[in-house]
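The values are calculated or read from the model by the stated rules, or taken from the named source; none is laboratory data. Treat the numbers as computed from the prediction; the structure is a model and nothing was measured. Glycine also receives a Cβ, built like all others from the backbone with ideal geometry; neighbour counts cover every protein chain displayed.
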Protein chains: 2
Amino acid sequence: MFIQILVILILSGCTTLDQPKRFSMSPSEALSKATKDDWRQPANRNLVYFYFDKDPVIFELAPDFAPKHVTNIRKIIDSRFWENLYIVRAQDNYVVQWDDPNDLAKHYWDKKKIKIAKKIDGEFEVPLEKLKNLETLSSNDVYAPSVGFFNGLPVGFSKHENRAWLTHCYGMVGVSRSSERDSGNGESIYVVIGHSPRHLDRNITLVGKVLYGMDKLSTIKRGTKALGFYSNKKDYIPIKEVRFANEIPKKQRINLQVLRTDTPLFKDYIEARKNRKESWFFRPAGQVELCNMDVPVRVVK
Amino acid sequence: MFIQILVILILSGCTTLDQPKRFSMSPSEALSKATKDDWRQPANRNLVYFYFDKDPVIFELAPDFAPKHVTNIRKIIDSRFWENLYIVRAQDNYVVQWDDPNDLAKHYWDKKKIKIAKKIDGEFEVPLEKLKNLETLSSNDVYAPSVGFFNGLPVGFSKHENRAWLTHCYGMVGVSRSSERDSGNGESIYVVIGHSPRHLDRNITLVGKVLYGMDKLSTIKRGTKALGFYSNKKDYIPIKEVRFANEIPKKQRINLQVLRTDTPLFKDYIEARKNRKESWFFRPAGQVELCNMDVPVRVVK
């Protein structure tokens with residue numbers, strides 16, 4: 001009897017050592033438990049339909065992190081300025097960028113009698129205390145003291161400094177600038193299309209994230225000049241139309257919902273990604289890196 | 001005099017506090033100091049020219065990490081088997097994969113009287129002590145206890161376990177498998193085209209890295225079925241030709257050299273990437289993540 005129990009104890013001990021920690025659900029199982037309250041609908045004035053082809057790229061603006069830039073970008077979109085611009089750069093494993101190669105901006109705003117900010121000081125960080133419902137990701141990070149999610153967006157933060165910032169993960173949308181902190185105003189924009197260039201965090205203003213159609217940007221033919229700029233003007237890709245969601249005819253609207261990141265379900269989803277249940281994984285990682293935790297987006301018919 | 005010195009001390013103290021640590025050279029300045037001994041020429045039998053278009057994708061095999069798989073892959077390439085296959089999958093921000101959708105393998109090897117391994121146990125790790133000239137990257141990592149570079153390849157390792165493994169960074173080449181450890185043999189291959197899926201490390205066999213033409217793979221039209229498989233066979237992209245470097249006519253060869261990673265110059269290059277000198281960076285990261293440290297490759301005319 002005693003020996004039997006001992007054998008069982010030893011065996012179960014060995015089993016515990018050999019078996020990696022696994023969550024009770026796979027990521028898709030965790031996600032399948034989401035109710036309608038686990039999803040949120042982005043606001044119309046944050047949701048931008050960006051057409052350079054038949055189907056749109058749709059991104060969500062993040063006024064919580066870059067209020068001045070987002071205000072300016074809304075004016076720029078309302079004025080149709082971007083619709084005169086081109087994608088001028090596609091650098092492999094880095095970014096695509098649209099810009100104003102003919103320096104249209106020089107006269108555009110005066111002509112149209114629209115007041116926009118020509119310079120905005122970089123909005124690289126916000127006070128951490130501003131972010132209610134920040135979900136902490138209890139994983140290491142190479143670049144930030146702490147990381148997590150706010151409203152579906154990847155965030156780095158420092159409790160010590162009371163600062164938080166958006167991070168350069170795949171699909172993040174940022175405001176191009178030259179050397180000065182205030183040299184970007186939203187006329188020119190870049191989108192991350194490769195491995196996350198996190199060294200840019202806290203150095204340049206991020207203003208949102210692509211929710212739909214990333215593959216349209218990621219498959220753009222790369223430029224051959226330095227930094228992926230197109231060597232020939234005829235390679236420039238014209239931007240056809242940029243509209244807020246409420247301006248899109250209802251039939252063409254794509255009803256996007258983003259998984260809420262301030263819920264128990266999202267915590268389960270993180271655990272499911274860290275400690276994979278599926279037998280395909282011989283060694284679940286036990287960790288998940290911030291930019292590897294893409295927040296699910298769904299299209300509701 | 002004393003007050004002057006005090007003022008100088010206070011000022012220099014303040015300056016030190018305000019100024020981030022910056023390396024004496026930018027990454028490109030560090031790189032410009034490389035002599036011919038800082039570059040290495042990959043061996044012909046490790047260098048694979050992969051054509052599905054006019055220009056090749058060129059990758060380097062890594063027999064140090066997956067000797068059995070590399071031996072099998074050499075036989076597969078020599079037999080021209082891959083030249084009957086197709087790229088059947090392109091999943092955005094993840095991988096492209098070529099495979100054998102018509103199950104040609106069933107009769108191919110018998111017919112050709114070629115002996116290849118149908119099953120190879122996963123070569124997920126090697127003994128750490130096997131890797132001489134491993135360059136340690138003194139940065140945190142989310143997935144591995146330690147990280148570094150061996151022969152230009154990104155490596156995770158554990159001194160405690162005496163184990164080392166290749167990591168799933170952008171451009172890494174791996175052997176597809178199904179659920180079993182030994183279910184891949186190199187007939188089907190994937191390449192990472194997005195943010196590094198490091199949770200795959202130590203779970204699947206990596207066999208090399210793309211050195212040239214990554215943009216050909218990264219811009220492939222994405223598949224619309226689950227996991228990025230093409231929904232229609234007519235979307236499959238046929239593989240035209242796969243050859244080792246020495247089989248390519250000399251005029252068409254691209255003379256690639258990879259920066260050596262076991263040199264003082266590479267250490268400088270790492271420091272230059274961590275602590276950016278350029279004034280564009282207001283806040284140099286002080287760290288660099290393993291997969292953000294792409295090892296330079298040059299074409300020598």
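Worth pointing out:
- Strands (runs of 3 or more DSSP E) lying entirely in the range A:36-96 (those with 1 or more residues that are more than 20 Å from the chain's Cα centre (by Cα)): A:86-90
- Within the range A:147-196, the set of residues being of a type in the set (Val, Ile, Thr) and either facing chain B (nearest Cβ under 10 Å) or assigned to a strand (DSSP E or B) (or both) comprises A:Val147, A:Val155, A:Val173, A:Val175, A:Ile189, A:Val191, A:Val192, A:Ile193.
- Residue match in the range A:197-212 (condition: assigned to a loop (DSSP other than H, G, I, E, B), at the interface with chain B (Cβ under 9 Å from one of its Cβ atoms) and among the hydroxyl-bearing types (Ser, Thr, Tyr)): no
- Here the range B:244-300 is the region considered, the condition is being of a type in the set (Lys, Arg), part of a loop (DSSP other than H, G, I, E, B) and within 23 Å of the chain's Cα centre (by Cα), and the residue that is farthest from B:Val192 (Cα to Cα) is B:Arg253.
- Just one of the numbered conditions (1) closer than 19 Å to A:Gly152 by Cα; (2) in contact (Cβ under 8 Å) with a residue 60 or more places away in the chain is not true of A:Pro264: (2).
- Filter pass, A:Lys234 being without any contact (Cβ under 8 Å) to a residue 60 or more places away in the chain and not in a loop (DSSP other than H, G, I, E, B): yes
- Leading residue by the ranking (farthest from the chain's Cα centre (by Cα)) among those in the range B:159-182 that are among the polar types (S, T, N, Q) and surrounded by 15 or more Cβ atoms within 10 Å (Cβ to Cβ): B:Ser176
- B:Glu271 being under 30 Å from B:Met25 (Cβ atoms) and either aromatic (Phe, Trp, Tyr) or exposed (fewer than 14 other Cβ atoms within 10 Å of the Cβ) (or both): no
- Within the range A:131-145, tally of residues that are in contact with a Gly (Cβ under 7 Å, 6 or more places away or on another chain) and loosely packed, with under 15 Cβ neighbours inside 10 Å: 1
- Some residue of the range B:146-153 being more than 16 Å from the chain's Cα centre (by Cα), of a type in the set (A, V, I, L, M, F, W, C) and surrounded by 22 or more Cβ atoms within 10 Å (Cβ to Cβ): no
- Residue selected from the range B:218-231 under the condition assigned to a loop (DSSP other than H, G, I, E, B) and small (Gly, Ala, Ser), by the criterion nearest to B:Val191 (Cα to Cα): B:Gly223
- Test: B:Phe266 is within 13 Å of another protein chain (Cβ to nearest Cβ) and surrounded by 14 or more Cβ atoms within 10 Å (Cβ to Cβ): no
- Residue within the range B:233-252 that is within 10 Å of chain A (Cβ to nearest Cβ) and buried (at least 22 other Cβ atoms within 10 Å of the Cβ) present: no
- Positions within the range A:97-139 being more than 20 Å from the chain's Cα centre (by Cα) and among the basic types (Lys, Arg), in sequence order: A:Lys106, A:Lys111, A:Lys112, A:Lys113, A:Lys115, A:Lys118, A:Lys119
- Residues being of a type in the set (A, V, I, L, M) and surrounded by fewer than 15 Cβ atoms within 10 Å (Cβ to Cβ) - total across the range A:71-116: 2
- Any hit, the range B:255-269, residues being out of contact with any Lys or Arg (no Cβ under 9 Å at 6 or more places or on another chain) and of a type in the set (A, V, I, L, M): no
For every residue, the table says whether it meets (1) more than 25 Å from B:Val147 (Cβ to Cβ); (2) acidic (Asp, Glu).
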{"site": "A:Pro145", "(1), (2)": "no, no"}
{"site": "A:Glu180", "(1), (2)": "yes, yes"}
{"site": "A:Asp201", "(1), (2)": "no, yes"}
{"site": "A:Asp215", "(1), (2)": "yes, yes"}
{"site": "A:Gly228", "(1), (2)": "yes, no"}
{"site": "A:Asp235", "(1), (2)": "yes, yes"}
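- Which listed residue is buried (at least 18 other Cβ atoms within 10 Å of the Cβ), touching a residue at least 40 places away in the same chain (Cβ under 8 Å) and under 16 Å from A:Cys291 (Cβ atoms), from A:Gly156, A:Gly122: A:Gly156
- Residues that are of a type in the set (S, T, N, Q) and at the interface with chain B (Cβ under 7 Å from one of its Cβ atoms) within the range A:272-301 comprise A:Ser279, A:Gln287, A:Asn292, listed in sequence order.
- Candidates are the residues of the range B:104-126 that are acidic (Asp, Glu) and over 24 Å from B:Leu217 (Cβ atoms); the one that is nearest to the other protein chains (Cβ to nearest Cβ) is B:Glu125.
- Looking only at the range B:111-168, residues that are modelled with pLDDT of 95 or more, at positive phi and of a type in the set (S, T, N, Q) come to 2 in all.
- Annotation: of all residues in the range A:212-228 being over 19 Å from the mean Cα position of the chain (by Cα) and closer than 23 Å to B:His195 by Cβ, the one that is surrounded by the fewest Cβ atoms within 10 Å (Cβ to Cβ) is A:Leu227.
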